[in-house]
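See below for the structure under consideration.
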Amino acid sequence: MMGALALTMMLAGSIIPFATFCAPAIGGVLMLPVVMECGMKLAWVMYGTVSILALILVPEKEMALVFVLILGHYPLVKVHLERIRNKSLRMLAKLAVFNGSVAVMYGLVLTLFPIPELSAEFAAMGTVMVAVLLVTANAAFVVYDMALVNLARWYSYCIRPKLRFLR
């Protein structure tokens with residue numbers, strides 16, 4: 001059900017022009033209950049399934065790639081990154097994963113599998129605006145990371161106890 005909901009969010013996001021990053025972020029958030037209730041193996045299977053279906057079905061390919069390469073897998077990787085005890089080192093590792101994912105995605109999109117509209121957009125922006133965009137993206141990522149922590153807590157304390165009758 002969560003996989004279907006994540007894919008539905010991706011499809012609905014392709015209708016709304018500014019949802020290129022919101023829909024994949026929500027799709028990533030929907031990984032949390034799967035990790036908590038079903039474990040990491042099934043969560044990775046869901047991520048893979050939703051990723052493949054998003055690449056096939058979602059008309060806006062940039063949005064699908066944002067899910068596949070940046071925000072979809074992050075909640076699953078975050079579980080491992082949270083084991084780093086040093087807070088500063090943990091945040092640096094999270095930012096490294098994020099920036100590496102962004103570099104891979106946009107490297108693929110701009111060189112190997114070019115999306116003409118996106119290439120034209122980046123060419124028109126210039127280096128300074130791309131740097132500003134990257135700094136803004138990092139700030140948004142830090143907020144997303146904190147939101148994942150709070151949403152996981154909320155799910156654990158408010159939703160999960162109500163689901164106990166299902167077990």
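The values are calculated or read from the model by the stated rules, or taken from the named source; none is laboratory data. Fair warning: this is a prediction, and the values are worked out from it, not measured in the lab. Backbone-built Cβ (ideal geometry, glycine too); neighbour counts: all protein chains shown.
Restricting attention to segment 60-79, and to residues there that are modelled with pLDDT of 90 or more and part of a loop (DSSP other than H, G, I, E, B), which single residue is surrounded by the most Cβ atoms within 10 Å (Cβ to Cβ)?
Applying the filter and picking the extreme gives Gly72.
Within segment 18-53, which residues are farther than 16 Å from Ala4 by Cβ, outside any helix (DSSP H, G or I), in contact with a helix residue (DSSP H, G or I) (Cβ under 9 Å, 6 or more places away or on another chain) and not small (Gly, Ala, Ser)?
If the condition is that a residue be farther than 16 Å from Ala4 by Cβ, outside any helix (DSSP H, G or I), in contact with a helix residue (DSSP H, G or I) (Cβ under 9 Å, 6 or more places away or on another chain) and not small (Gly, Ala, Ser), then Thr20, Phe21 are the ones that fit.
Determine, yes or no, whether Val143 is free of Cβ contacts under 8 Å to residues at least 40 places away in the same chain, exposed (fewer than 12 other Cβ atoms within 10 Å of the Cβ) and not in a loop (DSSP other than H, G, I, E, B). Can you show your working first?
On the way: free of Cβ contacts under 8 Å to residues at least 40 places away in the same chain: yes; exposed (fewer than 12 other Cβ atoms within 10 Å of the Cβ): yes; not in a loop (DSSP other than H, G, I, E, B): yes.
Yes.
Any idea which of Ser101, Ser156, Ser88 is touching a His at 6+ places or on another chain (Cβ under 9 Å) and modelled with pLDDT of 85 or more? Walk me through it before giving the result.
Numbers: Ser156 fails: touching a His at 6+ places or on another chain (Cβ under 9 Å); Ser88 fails: touching a His at 6+ places or on another chain (Cβ under 9 Å).
So the residue among Ser101, Ser156, Ser88 that is touching a His at 6+ places or on another chain (Cβ under 9 Å) and modelled with pLDDT of 85 or more is Ser101.
Here are some residues: Ser119, Ser156. Which one is out of contact with any strand residue (DSSP E or B) (no Cβ under 9 Å at 6 or more places or on another chain), of a type in the set (S, T, N, Q) and closer than 16 Å to Val35 by Cβ? Break it down into steps so the answer makes sense when it comes.
Values: Ser119 fails: closer than 16 Å to Val35 by Cβ.
After applying the criteria, what remains is Ser156.
Quick grid of which residues meet (1) under 25 Å from Arg153 (Cβ atoms); (2) in contact (Cβ under 8 Å) with a residue 40 or more places away in the chain; (3) in contact with an Asp or Glu (Cβ under 6 Å, 6 or more places away or on another chain):
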residue	(1), (2), (3)
Ala64	no, yes, no
Leu69	no, no, no
Val77	yes, no, no
Ile84	yes, no, no
Phe98	yes, yes, no
Thr111	no, no, no
Pro116	no, no, no
Glu121	no, no, no
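Do we find a residue being part of a loop (DSSP other than H, G, I, E, B) and in contact with a helix residue (DSSP H, G or I) (Cβ under 9 Å, 6 or more places away or on another chain) anywhere in segment 93-111? Outline the logic, then answer.
If we filter segment 93-111 for residues that are part of a loop (DSSP other than H, G, I, E, B), which is where we start, we get none.
No, that holds for no residue.
Would you call Ile159 of a type outside the set (Lys, Arg), over 23 Å from Gly13 (Cα atoms), outside any helix (DSSP H, G or I) and more than 17 Å from the chain's Cα centre (by Cα)?
On the way: of a type outside the set (Lys, Arg): yes; over 23 Å from Gly13 (Cα atoms): yes; outside any helix (DSSP H, G or I): no; more than 17 Å from the chain's Cα centre (by Cα): yes.
Considered against the rule, which asks whether it is of a type outside the set (Lys, Arg), over 23 Å from Gly13 (Cα atoms), outside any helix (DSSP H, G or I) and more than 17 Å from the chain's Cα centre (by Cα), Ile159 comes out as no.
Would you tally the residues in segment 107-133 being within 17 Å of Glu62 (Cα to Cα) and small (Gly, Ala, Ser)?
Residues meeting the conditions: 4.
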